[in-house]
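Notes for the one structure printed next.
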2 protein chains.
Amino acid sequence: MNFNLEKSIEILERTPAVLHAMLQHISDDWVLHNEGGETWSVYDVIGHLIQGEKTDWMPRAEIILSEKTDKTFESFDRFAQFEESKGKSLPELLDEFTRLRKKNIELLRSKKISDKDLDKKGIHPAFGEVTLSQLFSTWVVHDLNHLGQISRVMAKQYKSAVGPWIAYLRVLQS
Amino acid sequence: MNFNLEKSIEILERTPAVLHAMLQHISDDWVLHNEGGETWSVYDVIGHLIQGEKTDWMPRAEIILSEKTDKTFESFDRFAQFEESKGKSLPELLDEFTRLRKKNIELLRSKKISDKDLDKKGIHPAFGEVTLSQLFSTWVVHDLNHLGQISRVMAKQYKSAVGPWIAYLRVLQS
């Protein structure tokens, strides 16, 4: 499937509702535990998605679309949520994410991105030249990646409860 | 986390709304393609979840709770959906799943399952004795497993569109 802006927005604008349906008012047991060690809980993942809205996707798109000579992106802080989410409840984080995503999609639509714009480039701090369409594709896949992670983290809370069925459940083996 | 019936129902009763939020009226490009070879599309997965509601979870729970001497489960047909879904649209399948899941949760609640019931056993055709709590845990994990699969199958449609970011996206490497 080739990149398509409208089909990308289809996914991006659904994510807040998907997270609400999965997580709003669910028991803490499902959202506060992780997969062991330094892995993230569902709560941590929502904080990370908020950071993406604030500092990653649209800010990087704006660098690519700008007239700046140096189009190098700021590094994204994958651990900022451990400080930023402090004291906030999961429903508060879900509402914050919903609000930020809505604003970012409005901002994205206001840019009236053309096919030519999609080929414009920025500089990723780790792997160099990337295009606007690659950035937007990654935004979409990043949402889906973390939806998958959330499902997996929740599933793992029942890793021993399933008994011998573990053999059939790919999600518990990853 | 130990098995808990109410916390299990929390997940089971959310799944139809999660699938609606993710998939209702989305472009065919996201739901009709698979991960290559004999893998399943999102459309196939929804058909599989419907089969589970019809022939797997509650029918097996009823065998365990019955007075039968032989409590061996029927084998579950993992490919029935290729015949059963024929001619149905995705919105039709989502509605069918929603209806069946609602009915099964009502049936489950009507059983007034006790802690003693949760230890009752049935015979799985492949790995022998399993308890009712293991069956219900597996129902929950099975939902989460397929939500993860759906996210992954959708994400993979943009496998080449993300360019160099593929290195950071675990979902595209599985």
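The values are calculated or read from the model by the stated rules, or taken from the named source; none is laboratory data. Values in this document were obtained by computation on a predicted structure and should not be read as measured data. Methodologically, a virtual Cβ is constructed for each residue, glycine included, from the backbone with ideal geometry; neighbour enumeration extends over all protein chains shown. Note: accessible area is taken over every heavy atom of the protein model, side chains too, but ligands, DNA and RNA are not part of it. Shrake-Rupley method; radii C 1.70, N 1.55, O 1.52, S 1.80 Å.
Condition first: more than 9 Å from chain B (Cβ to nearest Cβ), closer than 15 Å to A:Thr98 by Cβ and in a helix (DSSP H, G or I). Can you find one or more residues in the range A:1-12 that meet it?
Quick first cut of the range A:1-12, residues more than 9 Å from chain B (Cβ to nearest Cβ) only: A:5, A:9, A:12.
Now restrict to residues that are closer than 15 Å to A:Thr98 by Cβ: A:12.
With in a helix (DSSP H, G or I) added as a condition, the list becomes A:12.
Yes, because at least one residue in the range A:1-12 is more than 9 Å from chain B (Cβ to nearest Cβ), closer than 15 Å to A:Thr98 by Cβ and in a helix (DSSP H, G or I).
When the residues of the range B:108-145 are narrowed to those that are of a type in the set (Lys, Arg) and surrounded by fewer than 17 Cβ atoms within 10 Å (Cβ to Cβ), which ends up nearest to B:Ser85 (Cα to Cα)?
Per the criteria, the residue is B:Arg109.
Hey, among B:Arg99, B:Arg109, which residue is in contact (Cβ under 8 Å) with a residue 60 or more places away in the chain and farther than 19 Å from B:Glu74 by Cα?
Exactly one of B:Arg99, B:Arg109 is in contact (Cβ under 8 Å) with a residue 60 or more places away in the chain and farther than 19 Å from B:Glu74 by Cα, namely B:Arg109.
If you go through the range B:14-33, how many residues are more than 7 Å from every other protein chain (Cβ to nearest Cβ), exposed (fewer than 15 other Cβ atoms within 10 Å of the Cβ) and not in a loop (DSSP other than H, G, I, E, B)?
Counting residues in the range B:14-33 that are more than 7 Å from every other protein chain (Cβ to nearest Cβ), exposed (fewer than 15 other Cβ atoms within 10 Å of the Cβ) and not in a loop (DSSP other than H, G, I, E, B) gives 1.
All but one of (1) modelled with pLDDT of 95 or more; (2) within 19 Å of the chain's Cα centre (by Cα); (3) loosely packed, with under 13 Cβ neighbours inside 10 Å hold for A:Thr72; which doesn't?
It is condition (2) that A:Thr72 fails.
Residue check, A:Arg152 against (1) modelled with pLDDT of 95 or more; (2) more than 19 Å from A:Met22 (Cβ to Cβ); (3) surrounded by fewer than 24 Cβ atoms within 10 Å (Cβ to Cβ), all met but one. Which one?
A:Arg152 satisfies all of (1) modelled with pLDDT of 95 or more; (2) more than 19 Å from A:Met22 (Cβ to Cβ); (3) surrounded by fewer than 24 Cβ atoms within 10 Å (Cβ to Cβ) except (2).
Which ones in the range A:34-47 are in contact (Cβ under 8 Å) with a residue 12 or more places away in the chain and open to solvent by 40 Å² or more (accessible area, probe 1.4 Å)?
A:Asn34, A:Glu35, A:Thr39, A:Tyr43 - these are the residues of the range A:34-47 that are in contact (Cβ under 8 Å) with a residue 12 or more places away in the chain and open to solvent by 40 Å² or more (accessible area, probe 1.4 Å).
Restricting to the range A:150-165, what's the tally of residues that are more than 8 Å from chain B (Cβ to nearest Cβ) and either polar (S, T, N, Q) or within 15 Å of the chain's Cα centre (by Cα) (or both)?
Residues that pass the stated criteria total 2.
Evaluate the range A:82-93: report whether one residue or more is open to solvent by 50 Å² or more (accessible area, probe 1.4 Å), at pLDDT 95 or above and either within 17 Å of A:Asp56 (Cβ to Cβ) or touching a helix residue (DSSP H, G or I) at 6+ places or on another chain (Cβ under 7 Å) (or both).
Scanning the range A:82-93, I find no residue that is open to solvent by 50 Å² or more (accessible area, probe 1.4 Å), at pLDDT 95 or above and either within 17 Å of A:Asp56 (Cβ to Cβ) or touching a helix residue (DSSP H, G or I) at 6+ places or on another chain (Cβ under 7 Å) (or both), so the answer is no.
Of these, B:Ile50, B:Ile105, B:Ile64, which one is surrounded by 13 or more Cβ atoms within 10 Å (Cβ to Cβ), out of contact with any His (no Cβ under 9 Å at 6 or more places or on another chain) and within 30 Å of A:Val141 (Cα to Cα)?
B:Ile50
What are the residue pairs meeting all of these: first residue in the range B:123-147, first residue closer than 26 Å to A:Leu147 by Cβ and touching a residue at least 24 places away in the same chain (Cβ under 8 Å), second residue open to solvent by 10 Å² or more (accessible area, probe 1.4 Å) and in a strand (DSSP E or B), Cβ atoms under 6 Å, and 6 or more apart or on different chains?
From the range B:123-147, no pairs qualify.
Regarding A:Lys116, is this residue more than 27 Å from B:Lys156 (Cβ to Cβ), more than 14 Å from chain B (Cβ to nearest Cβ) and free of Cβ contacts under 8 Å to residues at least 24 places away in the same chain?
Here the answer is yes, as A:Lys116 does meet what is asked.
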